[in-house]
There are 2 protein chains.
Amino acid sequence: MDDMAETISEALPRDFEALRALILDRRQSLPKRIAQVAAYALDNPDEIAFGTAASIATSAGVQPSTLIRFAQHLGYDGFTSLQQVFRERLRERTTSYEERLTVVRGDADEGTSNRRIVDGFLAAASKSLDVMSRNLDDDTLDRAIDILNGAETIYILARRRSYPVASYIAYALGKLGVRSQLIESASGLSPEIISFASSRDAVIAISFSPYASATVEEARILSANNVPVIAITDSAFSPLAQFAKVWFEVAEADFGGFRSLAATMALAMGLTVGVAELRRGRKGKKSANSKG
Amino acid sequence: MDDMAETISEALPRDFEALRALILDRRQSLPKRIAQVAAYALDNPDEIAFGTAASIATSAGVQPSTLIRFAQHLGYDGFTSLQQVFRERLRERTTSYEERLTVVRGDADEGTSNRRIVDGFLAAASKSLDVMSRNLDDDTLDRAIDILNGAETIYILARRRSYPVASYIAYALGKLGVRSQLIESASGLSPEIISFASSRDAVIAISFSPYASATVEEARILSANNVPVIAITDSAFSPLAQFAKVWFEVAEADFGGFRSLAATMALAMGLTVGVAELRRGRKGKKSANSKG
DNA sequence: AATAAAATGAACCGTATGTTCCATTTTAGC
DNA sequence: GCTAAAATGGAACATACGGTTCATTTTATT
């Protein structure tokens, strides 16, 4: 086993991301059973963190000794050392807002009541993002963006609580050079604007219960005129869903009776930028990312 | 030990929150050393989850046997059972968006590129909420809400990217019965509306770099007329900051060149509902919360 | 202050754990 | 197709773990 020491001169990963990179790098050169463990480890990191060698081996369909060999292949001196990395990963995750809201020693309030209100909205937003991330269907998203990509003009339909989202979409589409038309009640020109839309266009309609009657009615008219409707709503029973060619179910958490808009906003931006990327012919495929 | 069984007839906690509640409930009646362990457990849940009885005991300054007694006092049949609850807590935390963005098996994309875009916006939103949660100052928040509470009319000032936030604030204030006036360019009446504002009113001005000149100019005028300005902006060097009586620095993460609005939205809602709560005379202090 | 009861500390024990070892099978090289 | 090397399965092993026990100390009661 000592002959191995020299081949592994690089420092072995202490954090999960580095370990993952190492595993993916060597994946091709790993023996079958070891590779099997490697795949299982990346797919079930929590199991590795908490399980015993025996239980993990059973789940992964290998012998316990293979786990030790896997760890040693990577340069660790044993399964336990490797397991530490998987445990660190769970340790590092910052506490959630939900937790921050309730984890208060004793009954004394931490922070002012105003702070608690903001924390509540932060928690609601965070939760909404979480749910969206879990529930969003890739195929639905692709179909929606495909439809929008084919549209000459993208009409945006939303009132009241959904209106901020619509105005943001309109702003973003404008910046990205995509022709769009925001339909609002203030101008009183909604009927005229709607009558211009044809099957070569598309509509993004946003409405949540209680659904704004104007939005529903206009979506119905547009749909009847063969204008494809992309709906963002909160239920399969939403009136918007029946008029829509593609529809998204977004479950926003609420605080104090006010629902978050965080997930809807993120989806809206995804649709917007997705269309723009597609129209750019996927040339500059990788856009900037502020991670880190 | 059997006489204990009857006193603990309530189901023992399977999730961390319930366990925490139980511990806090009995805190007063626990023996000294046991209480010492209880405090340690709530302060260092990660240690309990991963450590061994021996290592935890050393860290907490007690004997290993005390840990088992602590668990049994709560009704668990041993330390291991109690530890499971602390481990579940870590398991339940869903993987972060950041992680999902990078955790891709091999080099092949998981999900479509459209999905990756939405994930990017979700991650940006999530990160923004995180930063807001860490950086928001309780005192600044209290002062802002106090000013808004004293205002007869709350004017809301925002253009372009910030406009959706403003429209949401206007909508929420309206629903909460607080008089407000959204200042927008479309109507072309901005100057007239602004001239109505007095020192008995207040302004919420929102602008991020590159600052909309209209917003800056109007904030300057309002400030000169002794109308207190609450600014939501992105830097201490923002032109808005100098006109403001109270100002918030909000650092929104961006993806693909589009900054998130999640944190700004949460703060906006906090201000809005905070004022409404204050005006309700703090009667119904605790507002509904959708947690769970 | 004396006594009973509870709590605590520390040694002890059975077990389940990670690890090693070796026989067997599979793969690679000629 | 034969041989050497690597990989694998499975049992055996040393140990570190959680739990128990009991003597001692502390607390409560009278």
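Structure notes:
- Nm distances between copies for A:ARG33, ranked from closest, using label points 7 Å along Cα→Cβ: 4.6
- Size of the B/A contact, given as accessible area buried on both chains, probe 1.4 Å, in Å²: 7800 Å²
- Rounded percent of accessible protein surface that carbon and sulfur make up, segment B:9-72, 1.4 Å probe: 52 percent
- A loss of 30 Å² or more of accessible area (1.4 Å probe, protein heavy atoms, ligands and nucleic acids excluded) relative to the isolated chain is seen in these residues of segment A:127-149: A:LYS127, A:LEU129, A:ASP130, A:SER133, A:ARG134, A:LEU136, A:ASP138, A:LEU141, A:ASP142.
- In terms of packing, defined here as the mean over residues of other Cβ atoms within 10 angstrom, the peptides B:167-175, B:76-84, A:265-273 line up highest first as A:265-273, B:167-175, B:76-84.
- Using alpha carbons only, the radius of gyration of segment A:213-280 set against its Kirkwood radius gives Rg/Rh = 1.03.
- Normalised Debye scattering of segment A:136-279 at q = 0.21 Å⁻¹ gives log10 I(q)/I(0) of -1.41, counting only Cα atoms as equal scatterers and leaving out solvent.
- The Cα center of segment A:190-226 and the Cα center of segment A:133-169 differ in position by 13 Å.
- Cross-link pairs exceeding 30 Å in C-alpha to C-alpha distance, out of A:LYS127/B:LYS175; A:LYS175/B:LYS127; A:LYS245/B:LYS175, comprise A:LYS245/B:LYS175.
- Applied to segment B:220-231, the Karplus parametrisation 6.51 cos²θ - 1.76 cosθ + 1.60 on θ = phi - 60° returns per-residue 3J(HN,Hα) values of 4, 4, 4, 4, 5, 8, 6, 8, x, 10, 9, 10 Hz, with x for Gly and Pro.
- Solvent exposure of segment A:199-255, expressed per residue, is 40 Å² of accessible area, with all protein chains present and a 1.4 angstrom probe.
The values are calculated or read from the model by the stated rules, or taken from the named source; none is laboratory data. Since the structure is predicted, the reported quantities are computational estimates derived from the model, not experimental observations. Virtual Cβ from ideal backbone geometry, glycine too; neighbours counted across all protein chains shown. Note: areas computed on protein heavy atoms with side chains; ligands, DNA, RNA excluded. Shrake-Rupley method; radii C 1.70, N 1.55, O 1.52, S 1.80 Å.
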